[in-house]
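Chemist: Below is a structure I'd like to ask you about.
Read-outs: derived from the displayed coordinates by stated rules, not from any lab. The shown structure was predicted, so the numbers you read here are calculated from the model rather than taken from an experiment. Note: ideal-geometry Cβ built from the backbone for every residue, glycine included; neighbour counts use all protein chains shown.
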Amino acid sequence: MNGSPDRTERGLNGFVGRNRMRVQRQYLILRELIRQPRVMGTLFPSSPALADEMACALSPSMMKSGILVELGAGTGPVTEGLLRRGVPPERLFVVEKSPALAECLSKRFPSVNVICCGAEELRSHIKGDEKIRAIISSLPFRSLPFDVGSAIMKEIEAALSPGGLFVQFTYALIGEMLHVPPTFKKVRSHLVLYNLPPAKVEVFRKPKRGERHREREEDGTAAAEAS
C-alpha cells in the first residue's frame with residue numbers, strides 16, 4: 001500500500017508528459033500550416049489506422065533489405081506506424097522539409113535517419129549502393145504547385161528501384177492521383193474512414209527491368225490482332 005501513491009504519481013506524470021508532447025506536436029503542425037499551408041495540406045495528423053494501412057503495404061522481405069523512404073513525415077504518425085510494422089529504424093530514411101518538424105522527428109525517433117530537405121532533392125541526400133525498396137509519401141500533391149508536384153514525382157520515379165513500391169494517401173476519394181508515372185502499376189487501393197478527414201491509400205509498383213519492354217510488345221501484338 002505504501003508504494004501505491006508513488007505509482008499513481010508516476011502514472012499521472014507520464015500521462016501529463018505524453019499529452020504535453022502531443023500538444024507540442026499539434027502546435028508545430030498549426031504553426032507550419034500558417035507559414036506554408038500548401039506544403040502542409042492539413043491541420044490534422046494521420047490517424048494510427050491510416051498509418052497502419054500505409055505500412056501494411058510493405059512485405060517482411062522488403063523490410064529486410066535495401067532502404068525505405070518516407071516523404072513529408074510531419075511530426076511522425078506514419079513513421080510510428082512503419083516502426084510498429086517492424087521496419088528496422090536504421091533502414092528508414094525520413095524526409096521532412098520543415099527544419100522545426102525535422103528537429104521534432106529527430107528527437108522523437110533518434111534511431112531513424114532524418115533528412116531535412118525537399119522531396120525533389122531526395123537522391124542528393126541518400127548516397128550508397130543500397131536500393132530504395134519503397135517510398136511512403138504523405139505529401140499533399142493536390143495542394144502543391146503543379147510544377148513542384150511534377151518535379152517531386154519525377155524524383156520518386158528516378159530514385160525508386162525497379163519493382164519497388166510507391167505508397168501515397170490522398171483526401172480525394174474519387175478520381176486518379178496526380179503526377180503518377182504512366183508506367184507505375186496500381187496494385188492496391190483502400191479507403192480509411194477512421195481518419196480526419198477520411199483518406200484513400202493507393203499503392204503503385206514501379207516496373208522491373210524488362211517489364212516495360214514486354215508490355216509494349218504485348219500492346220503492339222494486341223493492336224495488330226485487332227486491326
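Chemist: Can you list the trypsin sites (Lys or Arg not before Pro) in region 87-165 that are in a DSSP coil and have 12 or fewer other beta carbons within 10 angstrom?
Modeler: Sites meeting the loop and neighbour criteria: Lys127.
Chemist: Right, next: Length gain on complete extension for the stretch Ala49 to Leu191, per 0.36 nm per residue less the alpha carbon to alpha carbon distance?
Modeler: Full extension from Ala49 to Leu191 adds 50.1 nm.
Chemist: In nm, give the distance between the simple-model label positions of Arg123 and Thr183, each being 7 Å from the Cα along the Cα-to-Cβ direction.
Modeler: The two pseudo-label positions are separated by 1.2 nm.
Chemist: Going through region 111-175, which chymotrypsin sites (Phe, Trp or Tyr not before Pro) have at most 10 other Cβ atoms within 10 Å and a DSSP loop state?
Modeler: Here no loop site has a sparse enough neighbourhood.
Chemist: So if each residue of separation counts as 0.36 nm, and I subtract the Cα-Cα distance between Lys131 and Leu173, what length gain in nm does that give?
Modeler: Using 0.36 nm per residue and subtracting the Cα-Cα distance, I get 12.0 nm.
Chemist: Which value, in debye to the nearest 20, describes the size of the charge dipole of region 45-212 about its Cα centre when Lys and Arg Cβ atoms bear +1, Asp and Glu Cβ atoms bear -1, and nothing else is charged?
Modeler: Magnitude of the dipole: close to 540 debye.
Chemist: Show the residues, 5+ positions off or on another chain, whose built amide H is closer than 5 Å to the amide H of Asn113.
Modeler: Close amide H contacts, sequence-distant or interchain: Leu92, Val94.
Chemist: Measuring from label point to label point, each 7 Å out along Cα→Cβ, what is the Glu157 to Lys107 span in nm?
Modeler: 4.0
Chemist: Counting only residues 5 or more places away or on other chains, whose amide H sits under 5 Å from the amide H of Ile132 once H atoms are built in the peptide plane?
Modeler: It is Ile67, Ser161, by chain and number.
Chemist: Need the full-extension length gain, Ala100 to Lys64, defined as separation in residues times 0.36 nm minus the C-alpha distance. One decimal, nm.
Modeler: 9.9 nm
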